[in-house]
Amino acid sequence: MPLKSQLHLMVVDDMSVSRGLIEQALDWAGLYNVQYEANGERAFKKLAAAPVHLVLSDYNMPGMDGIQLLEALRSNKSTQRIGFILITGKGDRSVLERGQRAGLNNFVMKPFTKESLLRSIETVTGKLQ
């Protein structure tokens, strides 16, 4: 059975348009075990109760931003090993350095292509086929 049929993901983004673009790319890649959340706090609560394999999170969200979500996941025993990819429109080196210190597995710059998102995922998970 290919990895992509077993992989469970969560997408966290406050913008419905961004969530839709990510969903299209994941559908194209054959990744269907996906949950969607619009904010970091709700995502963290759900993940603490039922962890997934990989989180794709926007950086810039009100309340808990993507790095704060990553830090919360890494500090919780049940979620500390979840793979984490940050999706950001800011090429700000300090954001990426902060993410790397917190245990970021990879990142994707906006705008992204479906191919670049898939490559970023496979860098973390290995080949999905």
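Data for the structure
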| item | result |
| --- | --- |
| Single match in Q24, Q35, Q6 (criterion: over 14 Å from Q129 (Cα atoms) and surrounded by fewer than 15 Cβ atoms within 10 Å (Cβ to Cβ)) | Q24 |
| Residues that are in a helix (DSSP H, G or I) and in contact (Cβ under 8 Å) with a residue 24 or more places away in the chain, drawn from the range 48-87 | A48, G66, I67, Q68, L69, L70, E71, A72, L73, R74 |
| The range 1-22, subset of a type outside the set (S, T, N, Q), out of contact with any strand residue (DSSP E or B) (no Cβ under 7 Å at 6 or more places or on another chain) and part of a helix (DSSP H, G or I), residue farthest from D58 (Cα to Cα) | L3 |
| Residues located in the range 113-129, provided they are modelled with pLDDT under 95 and surrounded by 13 or more Cβ atoms within 10 Å (Cβ to Cβ) | L128 |
| Residue satisfying all of: in the range 88-112; part of a strand (DSSP E or B) and under 12 Å from the mean Cα position of the chain (by Cα); modelled with the lowest pLDDT among these | T88 |
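The values are calculated or read from the model by the stated rules, or taken from the named source; none is laboratory data. Not measured: the values here are computed from a predicted model. All Cβ positions, glycine included, derive from the backbone under ideal geometry; neighbour counts span all protein chains shown.
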